[in-house]
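Scroll down for the structure; my scribbles are underneath it.
The values are calculated or read from the model by the stated rules, or taken from the named source; none is laboratory data. Just so it is clear, the model here is predicted, and its values are computed rather than measured. Here the Cβ positions follow ideal geometry from the backbone for every residue, glycine too, while neighbour counts run over all protein chains shown.
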Amino acid sequence: MKENETRRGSLKKLAAGAAVAVGAAMTSSQSHAAAKKADAFAIIGDRYHNPDYIRTALTRTLVKDAGITVDFRSATELLNAGTLDGYKLLIVFRDGMIWPSGYGGGHYPGYDVGGDNKVDSIPPLPEMKAEPVMWMRPEQGRAVREFVENGGGALFYHNSSHISLSSDDYRDVEGAVYTGHPPVRRFWLRITDSGHPITRGVGDFLVTDEQHYVDYQKSQDHVFMRSENADGLDYNRQGASCEAGWAYDYGKGRVCFLGPGHMISALWNPEYEKLQRNAALWLLRRG
């Protein structure tokens, strides 16, 4: 009897020890998994730029073709120092606005709420005022600056220069402030520095897209690409051409801005795909 009780006690101790060992191994594995992050954190999508087409475009160009792992996110509050810790590259592909009170009567831009398209609701909806607010807080702009200063890369796309209107730290990193754009139209992207690693193997190309204009605030030596309206059209007295691609070192890190991106057809222009891959790999110091 005593022998059986002793044997049962020993088995319980062994089982308890095994459980502790397994638990410790799982905790260690989970901690390792939590610490291991993708190469890049991407904050994408806004009212005028659906995150799905951005994710689809960049997944093909950067993830599948360039072998870069990316965590795509849309919630702006996730862009902070804690989130960025452990990543090597920040990708920003959205504007500076959120719309906490809705877009007005419709669900998406261009929806006509008048006439036959009136939105009915029982009970009535509260009034939805189309009033945007800028989302970047001072601590978020500071987080972007410190991330790049400390060795991270930053790839800014298309309308991300709009965020510079609300953050001095962010603007200093990105290097420009958004000044507007005409309707979608044809324009050339002219490579002005064929010697930069980002432009290696890339020739001039034409897209149909939003030609974004900016007040560029860094040295012209860093500019490797300009947009040029295909029909010589001016925009708001800013001319037919504007800086559309630049790159430079910032602290211990690197920065690149790429202008086109309103339409997936522009993002998948073969020459632009090469440029995007070159840019991401240069920022990650892989090319």
Filtered residues of region 240-272 (kept if part of a strand (DSSP E or B) and hydrophobic (A, V, I, L, M, F, W, C)): 242, 244, 246, 247, 255, 256, 257, 258
Residue check, residue 165 under 21 Å from residue 268 (Cα atoms) and either of a type in the set (Asp, Glu) or surrounded by 16 or more Cβ atoms within 10 Å (Cβ to Cβ) (or both): no
Entirely in region 1-113, the helices (runs of 4 or more DSSP H) that have 1 or more residues that are surrounded by 13 or more Cβ atoms within 10 Å (Cβ to Cβ) and modelled with pLDDT of 95 or more: 51-58, 81-84
Some residue of region 237-256 being touching a residue at least 24 places away in the same chain (Cβ under 8 Å), crowded, with 20+ Cβ neighbours inside 10 Å and in contact with a Pro (Cβ under 8 Å, 6 or more places away or on another chain): yes
Matching residues, region 114-144, being aliphatic (A, V, I, L, M), modelled with pLDDT of 95 or more and not in a helix (DSSP H, G or I): 133, 134, 136
Filter result for residue 285 (part of a strand (DSSP E or B) and out of contact with any Pro (no Cβ under 9 Å at 6 or more places or on another chain)): no
Residues within region 259-287 that are free of Cβ contacts under 8 Å to residues at least 60 places away in the same chain and of a type in the set (Ser, Thr, Tyr), tallied: 1
Residue tally, condition in contact with a Phe, Trp or Tyr (Cβ under 8 Å, 6 or more places away or on another chain), farther than 25 Å from residue 146 by Cα and surrounded by 16 or more Cβ atoms within 10 Å (Cβ to Cβ), over region 172-191: 6
From the options 214, 207, 177, 202, residue that is of a type in the set (A, V, I, L, M, F, W, C), at pLDDT 95 or above and not in a strand (DSSP E or B): 202
